[in-house]
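Q: The structure follows.
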Amino acid sequence: MEKGTTHPIGRAVVDHSEGKDLPSISVESFEYFPGRGLTATVNSIESGTGGAKLLKASLGSIDFITSFCQSEVESEKIKEAVNTSSYGSEYVHAALSVNQKVTLIHLEDRPRPGVSNVIQELQDEAKFRVMMLTGDHESSARRVASAVGINEFHCNLKPEDKLSHVKDISRDMGGGLIMVGEGINDAPALAAATVGIVLAHRASATAIAVADVLLLRENISAVPFCIAKSRQTTSLIKQNVALALTSIVMASLPSVLGFLPLWLTVLLHEGGTLLVCLNSVRALNEPSWSWKHDISHLISEIKSRLLSLKTNITGSNSIMTAKFVTVVL
């Protein structure tokens, strides 16, 4: 039922099943409910008899599975089993129901490598307000948010809830909003955000279609790079406009008043164009968050080179002294 899915839980189920000796089952009908789960009629080939048997199956969140229960008693039994599970309440809970036989599935979210550093950089350097929107329950969301350094999170969200949060935050903040996601449940919110960034490696086709920025490598550290590069580009554009206007004024005004000959006016104007071109070449450099960061990085690099040079000189003197002593002996 989960083959071909892009949902993280579906991928986890498929990956866990690889290489295992599983019964032969084919899916006859299939229906997907975004953010909740899926239902299907599966054709199970019974071993020994070779006969086929149609089974009603559903897979999804606990609330989704309990919505198919015929009585309140059955629904309460499933919820009680979840609450009394020996695995604890910090895991993501899902359930598989086949002909009213329910199996609980426990899943754990593992943050991508380097996420903590990315979050810290966005908060400290970019001065961003970072929050997490997730469909997981509160205990799981709190654990993941604490692990990666996010102080603000919203849990138990369906796709329409994520969309509502994005719209409300954009309206309240009065500025741009960046959303990073990859699942089909993120697509409405990605489309509503000012800038939608999608990790394209395992993203759904719907999320890719509405994205403004596609990160082709599965490396979330590219998110702060994109933001820093955009700020660098904006800064260079402002500098180039200022340089161009300054050169035009400095060349045109004295020429109109008769203080400069025409050839010198043309030379000053073309000199401004050359300055704009040279300044634009700086876009090839690695982006930084501010000019203060550039200066501190330059000072650190100079100190490092001076220390390396001093070490090399000290090493050379030691070698020369050692050679001299050897000769004297």
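Q: Does segment 157-176 include one or more residues that are open to solvent by less than 30 Å² (accessible area, probe 1.4 Å), in a loop (DSSP other than H, G, I, E, B) and touching a strand residue (DSSP E or B) at 6+ places or on another chain (Cβ under 9 Å)?
A: yes
Q: Which of the residues that make up segment 260-289 are surrounded by 13 or more Cβ atoms within 10 Å (Cβ to Cβ) and part of a loop (DSSP other than H, G, I, E, B)?
A: Of everything in segment 260-289, those that are surrounded by 13 or more Cβ atoms within 10 Å (Cβ to Cβ) and part of a loop (DSSP other than H, G, I, E, B) turn out to be 260, 287, 288, 289.
Q: Among the residues of segment 132-153, which ones are of a type outside the set (A, V, I, L, M) and either touching a residue at least 40 places away in the same chain (Cβ under 8 Å) or touching a helix residue (DSSP H, G or I) at 6+ places or on another chain (Cβ under 6 Å) (or both)?
A: Matches in segment 132-153: 134, 135, 136, 137, 139, 140, 143, 149, 153.
Q: Consider residue 248 carefully, then state whether it is surrounded by 13 or more Cβ atoms within 10 Å (Cβ to Cβ), more than 30 Å from residue 194 (Cα to Cα) and either out of contact with any Cys (no Cβ under 8 Å at 6 or more places or on another chain) or in the same structural domain as residue 122 (by the TED database) (or both).
A: It is true that residue 248 is surrounded by 13 or more Cβ atoms within 10 Å (Cβ to Cβ), more than 30 Å from residue 194 (Cα to Cα) and either out of contact with any Cys (no Cβ under 8 Å at 6 or more places or on another chain) or in the same structural domain as residue 122 (by the TED database) (or both).
Q: Looking only at segment 269-289, decide whether some residue is modelled with pLDDT under 85, over 34 Å from the mean Cα position of the chain (by Cα) and either closer than 30 Å to residue 126 by Cβ or aliphatic (A, V, I, L, M) (or both).
A: no
Q: One residue is enough: does segment 101-119 have a residue meeting the conditions free of Cβ contacts under 8 Å to residues at least 24 places away in the same chain, within 21 Å of the chain's Cα centre (by Cα), in a helix (DSSP H, G or I) and outside the structural domain of residue 38 (by the TED database)?
A: Scanning segment 101-119, I find no residue that is free of Cβ contacts under 8 Å to residues at least 24 places away in the same chain, within 21 Å of the chain's Cα centre (by Cα), in a helix (DSSP H, G or I) and outside the structural domain of residue 38 (by the TED database), so the answer is no.
Q: On to the next question. Report, by residue number, each residue of segment 183-210 that is in a loop (DSSP other than H, G, I, E, B), modelled with pLDDT of 90 or more and open to solvent by less than 60 Å² (accessible area, probe 1.4 Å).
A: Listed by number, the list holds a single entry, 193.
Q: Select from segment 86-99 the residues that are without any contact (Cβ under 8 Å) to a residue 40 or more places away in the chain and of a type outside the set (Gly, Ala, Ser) and write down the one among them that is surrounded by the fewest Cβ atoms within 10 Å (Cβ to Cβ). Give the derivation first.
A: Within segment 86-99, the first condition is being without any contact (Cβ under 8 Å) to a residue 40 or more places away in the chain, and the residues that meet it are 86-88, 95-96.
Among the residues that remain, those that are also of a type outside the set (Gly, Ala, Ser) are: 87, 96.
Values: 87: 11, 96: 17.
Result: 87.
Q: Hey, another quick one. What about residue 35, is it modelled with pLDDT under 85, on the phi > 0 side of the Ramachandran plot and open to solvent by 60 Å² or more (accessible area, probe 1.4 Å)? I'd like the intermediate steps shown before the answer.
A: Details: modelled with pLDDT under 85: yes; on the phi > 0 side of the Ramachandran plot: yes; open to solvent by 60 Å² or more (accessible area, probe 1.4 Å): no.
So residue 35 does not fit the description; no.
The values are calculated or read from the model by the stated rules, or taken from the named source; none is laboratory data. Because the structure is predicted, anything quoted here is derived from the model rather than measured. Counting neighbours? That spans all protein chains shown, and the Cβs are built from the backbone with ideal geometry, glycine included. What goes into the accessible areas is simple: the full protein's heavy atoms, side chains included, and nothing from ligands, DNA or RNA. Shrake-Rupley method; radii C 1.70, N 1.55, O 1.52, S 1.80 Å.
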